[in-house]
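Derivation of every value follows stated rules applied to the coordinates shown; laboratory data play no part. Predicted model, so just to flag it, every value in this text is computed and none were measured. Cβ atoms come from the backbone with ideal geometry, glycine included; neighbour counts cover every protein chain shown.
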Amino acid sequence: MNLMKMMHRTATLFVVVFAFVACDDEYSTVGGEIIENPSNLELEEVEVRAYSKKINSVQTNNLGNHLLGVNNHPIYGQSTASILSQVSLPTNNPSFGVAPELDSVVLTIPYFNTELDSDEDGNIQYALDSVYGNTPIKISVQESNYFLSDLDPSADFQDRQRYYSDQQELFEQNLIGEVIYENDNFIPSTQAIVSYEENAEGEQDTISSGPALRIKLPVDYFQQKIIDKEGSSVLSNNNNFKNYLRGMFIKAEATAEDGTMILFNLQGSDAGIELFYTTEVENTAEDGTIETVRNPRNYKLNFGSTIINTFLGDYPADVLQAIGESDEDSGAEKLFLNGGEGSMAVIELFENEEQIAAFRENEWLINEANLTFYVDQDFVRGIDEPTRLYLYNLDDNRVIADYNFALNFVQDGNENNPGTSLSSFSTPLEIDEDENGVFYKLNVTQHVTNIITNETDNVRLGLAITQNINITNNSAVRNSENVEFYPVMGVISPKGTVLHGNLADEEKRLKLRIFYTEINN
């Protein structure tokens, strides 16, 4: 499967006219990117405040996809992502047949991949997507005795329980038994997974599927844990089973300074722990005699509804110091954006209500308003930067009006492509370059018009990396001052960048740029 195809294109959006009132879902007399330059078009540059915030702990049991591995970022240092997951029964009260004997147990999690041309022998070739790095890491698997509740008991089981990225120490304190798998030299393979299956004629068919993390787990452990429990209460339903086998902890560890980090979907149909076994059956031979033979069978355990990412790693001291010195009153020279348990920027567009009132008196027709974030190329040169940035209403935990505005336009068939969709709202990196370097541009035309014309609140805006701009879910944040929610798509990205802030040199300084036309009275 192909998670994303990072393609860059130039977005052109005609100036449009809609009627807007104070709701984010409605529109005003403003447009997207300007494609003409009327002779009476004016530009106003407004000073803004922008500063960085470190995300110290973020909810990770609502991500959809999860990271596993080690990433050494040139700016933000080494980070390690591990996974704790429930395991669930596909069916209640499974029957394993007569005298079942377990042959092998395989844990499988497919990689996101792109199918390439076949080689000269006709074998399909693959390229892995969402794999970062190529240095071996250590992976281990162990049973967890930490009970993962789907619902929050402190909220009378009315709300979903939240689990956070900084809880690895707690989870590791609740590991039991021996490590059931360990590999000190793991690195993802692009090889297809080949298996064999007996068809109706008794012949072996070759089954080929895409590359996957595929590891053999101990037979004795699962014989005792699953097969031998047939008919018992622990296999009668998933509530009992989740309390019996409470979870599996898949731990990643660094074996060198660099590493490899992989984005997985553990809830895909091909992911799980499959038990391959044989059972006795009676067949009637051609001469009418009854013979007992062993037939192959399999039973697959799924990963459960609660899957948690944990992150370990510390920012370098100089980066932490720079973030700590960000001033909410005056802003910052540099903005530090990084995924995972990372960092984001807070943007405050207007200084106070008096400044907004002065703009209202102008009675301008706002053609476009944008924020252009120049990349600090001296700081980040040569790194793999994120393709897209996402801007959202930080105070109210919702999208801004310009995001909704962009949703109303078909993007030439690329409306679902994370690399190109919603380009009128968020310009992909390096879609253009001027004398000041490469930049991201975020369209805030509707948002600014709401504030000036429709008198909506001048809320703080959050700026974060996004793995997929089409997904706007946010995760709860704790232990981070004045930040309550952070985009889910930022949590699952190992990428980072550094931008020029509002205290940078004049030519690269972050400003709110408003293109307007005077209204003749």
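Rounded, prolate or oblate: which fits segment 77-312 when a ≥ b ≥ c are the square roots of the eigenvalues of the alpha-carbon gyration tensor, with rounded for a/c under 1.5 and prolate only if a/b beats b/c? Kindly include the intermediate steps, with their values, before the conclusion.
Values: a/c = 2.21, a/b = 1.22, b/c = 1.81.
Oblate shape, in that a/c is at least 1.5 and b/c is the bigger or equal ratio.
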Under-5 Å amide H pairs with Asn367, H placed in peptide plane, nonlocal only
Phe515, Tyr516, Thr517
For Phe147 and Glu286, calculate 0.36 nm times their separation in residues minus their Cα-Cα distance, and state this gained length in nm to one decimal.
44.6 nm
Estimated FRET transfer efficiency (Glu172, Glu274; beta-carbon r; R0 35 Å; 0.05)
0.85
So, with points 7 Å from each Cα along the Cβ direction, the Asp184-Glu325 label distance in nm works out to 4.3 nm
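Measure up Lys216/Lys242; Lys53/Lys242; Lys53/Lys511 against 28 Å on the Cα-Cα distance and list the ones that go over.
Working: Lys216/Lys242 22 Å; Lys53/Lys242 37 Å; Lys53/Lys511 19 Å.
Table pairs above 28 Å Cα-Cα are Lys53/Lys242.
Mind ordering 443-455, 395-407 by average Cβ neighbours within 10 Å, highest first? Write out the running numbers ahead of the final one.
Details: 443-455: 22.8, 395-407: 20.3.
So the peptides 443-455, 395-407, ranked by packing, come out 443-455, 395-407.
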Can you give the helix-only mean residue ellipticity at 222 nm for the chain, where every DSSP H stretch with n ≥ 4 adds -39500 (n - 2.57) and the sum goes over all residues, rounded to the nearest 500 deg cm²/dmol?
-3000 deg cm²/dmol
If you rank His73, His500 by fewest surrounding Cβ atoms within 10 Å, what's the result?
His73, His500
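What net charge do the residues around Tyr516 carry, taking every other residue with its C-beta under 9 Å from that of Tyr516, with Lys and Arg at +1 and Asp and Glu at -1?
The answer is -4.
Would you mind getting me the FRET efficiency between Ala476 and Ser195? Use the beta-carbon distance for r and R0 = 51 Å, nearest 0.05. Present the calculation step by step, with values, prior to reporting the outcome.
Details: r = 41 Å, r/R0 = 0.80.
Given R0 = 51 Å and the Cβ-Cβ separation, E is 0.80.
Rounded, prolate or oblate, given the Cα gyration tensor of the chain, with a/c below 1.5 counting as rounded? Numbers along the way, then the final one.
Numbers: a/c = 2.32, a/b = 2.10, b/c = 1.10.
It is prolate, given that a/c is not under 1.5 and a/b is the larger ratio.
When the dipole is taken about the Cα centre of the chain, and only Lys, Arg (+1) and Asp, Glu (-1) are charged at their Cβ, what size is it in debye, to the nearest 20? Walk me through the numbers before you get to the answer.
On the way: 31 positive and 83 negative charges, 221 e Å.
The dipole magnitude comes to about 1060 debye.
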Taking neighbour counts of Cβ atoms within 10 Å as a proxy for exposure, in what order, fewest first, do Phe311, Phe157 appear?
Phe157, Phe311
Roughly how many nanometres apart are two label points built 7 Å out from the Cα toward the Cβ at Ala256 and Val438?
2.6 nm
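Ranked by Cβ crowding within 10 angstrom, fewest neighbours first, how are Phe373, Phe276 ordered?
Numbers: Phe373 26, Phe276 16.
Lowest to highest Cβ neighbour count: Phe276, Phe373.
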